[in-house]
1. Filter the range 48-81 down to residues that are among the polar types (S, T, N, Q) and modelled with pLDDT of 95 or more, then give me how many there are.
2. So in the range 55-107, with the set limited to residues that are of a type in the set (D, E, K, R) and surrounded by 13 or more Cβ atoms within 10 Å (Cβ to Cβ), which one is farthest from Phe42 (Cα to Cα)?
3. List the number of the failed condition for Ile104; all other conditions in (1) in contact with a strand residue (DSSP E or B) (Cβ under 6 Å, 6 or more places away or on another chain); (2) assigned to a strand (DSSP E or B) hold.
4. Among what's in the range 34-49 and is closer than 30 Å to Pro82 by Cβ and loosely packed, with under 12 Cβ neighbours inside 10 Å, pick the residue that is nearest to the chain's Cα centre (by Cα).
Amino acid sequence: MSLLIVLLCVLGAVMARPQGLATKQVPYLISRTYQSDDAGQFASSYQSSDSQVIHQVGKLAPNQKKDGLVLLLEGSYAYTSPEGVPVVVKYVADETGYHPTGDIIPKPVVALPPTF
């Protein structure tokens with residue numbers, strides 16, 4: 001009797017195991033470059049196996065008051081959306097903020113003047 005219970009438990013465990021799970025491929029790094037200088041300026045880029053590409057450059061520039069330096073970032077990133085559409089975003093980050101441009105970035109809505 002106990003052998004029958006053990007066999008039924010093993011059979012139940014075998015039947016309950018996951019069937020045909022799709023394994024998601026983990027992206028890996030294809031290339032990476034990084035260059036910098038003593039002042040803190042740099043250039044870097046990365047490319048992964050799932051078509052992600054990132055480029056970024058950091059340059060020192062005078063701030064708006066001209067009394068110091070600020071690090072300006074310029075770069076871009078690209079990837080393929082889940083729908084299969086290639087996406088590219090370019091950006092600038094400075095002391096006024098982050099400014100992206102690209103097809104997926106919504107365009108600002110211009111307010112119409114009121115009509116009376």
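The values are calculated or read from the model by the stated rules, or taken from the named source; none is laboratory data. Just so you know, these numbers come straight off a predicted model, no measurement behind them. Because the Cβ atoms are built from the backbone with ideal geometry, glycine has one as well, and the counts that use them run over all protein chains shown.
1. Of the residues in that region, 2 qualify.
2. Lys90
3. (2)
4. Ranking the candidates gives Ser49 first.
For (1) aromatic (Phe, Trp, Tyr); (2) touching a Pro at 6+ places or on another chain (Cβ under 7 Å); (3) assigned to a strand (DSSP E or B); (4) over 26 Å from Leu29 (Cα atoms), each residue gets a yes or a no:
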site: Ser45; (1), (2), (3), (4): no, no, yes, no
site: Ile54; (1), (2), (3), (4): no, no, yes, no
site: Glu74; (1), (2), (3), (4): no, no, yes, no
site: Gly84; (1), (2), (3), (4): no, no, no, no
site: Val89; (1), (2), (3), (4): no, yes, yes, no
site: Ala93; (1), (2), (3), (4): no, no, yes, no
site: Pro108; (1), (2), (3), (4): no, no, no, yes
